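The values are calculated or read from the model by the stated rules, or taken from the named source; none is laboratory data. Remember, predicted model here, so these are calculated numbers, not experimental data. We place every Cβ from the backbone using ideal geometry, glycine too, and count neighbours over all the protein chains shown. Surface areas here come from the heavy atoms of the whole protein model, side chains and all, with no ligands, DNA or RNA. Shrake-Rupley method; radii C 1.70, N 1.55, O 1.52, S 1.80 Å.
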Amino acid sequence: MERTLILVKPDGIQRGLAGEIIKRFEQKGFQLVGCKLMLMSEVQAKNHYHEHIGQPYFEKLFLFITSSPLLATVWEGDQVIALSRKMIGKTDAMDMIPGTIRGDFSHHTNLNLIHGSDSIQNANHEIQNLFAPQELISYSREITRWV
Ligand code: CDP
Ligand code: MG
């Protein structure tokens, strides 16, 4: 069973889209195992986006992600990492296809509402960066074998 980090980024919170985004993951059948509203610290932001340090957009991204609260969530499920990326949609505004979260609610590459981990290794790193182990709760749902 995989886990992934999904962030409703500051633009998603400012626009009141957290409920809509959570709803999609619940509807898909994934299981919520962690959830908190938080301000990302400078250290957490550099850790989270370490692969992007040095890119021309990094400074703007760093200021944006630390500027205002975000909703950090962790979801569990079969292939949740790859499937979440499909639900989220592409990074570039021109490639955001309607039906995806970004395609339905964003038209900006840098204001694209949501983050989702892109590999098991990055998911583990990103989850540990934002959550203490006791903040993640494993529990069983009878429905799991039906979805
Ligand atoms: O978020 P995603 O994994 O789809 O994209 P990424 O390539 O890992 O980039 C991380 C984030 O950096 C994006 O979601 C954008 O917020 C930002 N970014 C940007 O502002 N301009 C770019 N040209 C590329 C990325
Ligand atoms: Mg990424």
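Can you find, among His52, Trp146, Ser106, the residue farthest towards the positive end of the dipole of the chain? Put +1 on the C-beta of Lys and Arg, -1 on that of Asp and Glu.
Trp146
Using a cut-off of under 16 Å, list every residue of the range 51-84 whose amide N is near the label point 7 Å from the Cα of Ser138 along the Cα-to-beta-carbon line.
The answer is 75-78, whose backbone nitrogens lie closer than 16 Å to the label point.
Which value in nm describes the separation of the simple spin-label points at Asp118 and Glu59, placed 7 Å from the Cα toward the beta carbon?
2.4 nm
Can you send over the carbon and sulfur percentage of the accessible area for the chain, probe radius 1.4 Å, protein chains only?
Percent of accessible area from carbon and sulfur atoms in the chain: 55.
Per DSSP H run of at least 4 residues, take -39500 (n - 2.57); add these up for the chain, divide by its residues and hand me the 222 nm value, nearest 500 deg cm²/dmol.
Value at 222 nm, helices only, nearest 500: -10000 deg cm²/dmol.
Size of the range 61-123 along its principal axes in angstrom, Cα-based, largest extent first?
On the principal axes, the range 61-123 reaches 30, 27, 17 Å in Cα extent.
Could you run the Karplus curve 6.51 cos²θ - 1.76 cosθ + 1.60 with θ = phi - 60° over the range 77-82 and give me ³J(HN,Hα) per residue in whole Hz, x for Gly and Pro?
Using θ = phi - 60°, the values come out as x, 5, 6, 4, 5, 5 Hz.
What nm distance separates the two modelled labels at Glu20 and Met1, each placed 7 Å from Cα along Cα→Cβ?
Output for this residue pair reads 3.0 nm.
Distance between the C-alpha centers of the range 35-52 and the range 118-137? Whole Å please.
Between the Cα centre of the range 35-52 and that of the range 118-137, the gap is 12 Å.
In Å, the Kirkwood hydrodynamic radius of the range 2-146 over pairs of distinct alpha carbons? It would help to have the intermediate numbers written out before the result.
Details: mean 1/r = 0.0646 Å⁻¹.
Across the range 2-146, the inverse of the average 1/r is 15.5 Å.
Keeping all protein chains in place, calculate the accessible area per residue for the chain (probe 1.4 angstrom), answer in Å².
56 Å²
Could you pull out the pairs from Lys9/Lys60; Lys60/Lys86; Lys23/Lys86; Lys23/Lys60 whose alpha carbons sit more than 23 Å apart here?
Lys60/Lys86; Lys23/Lys60
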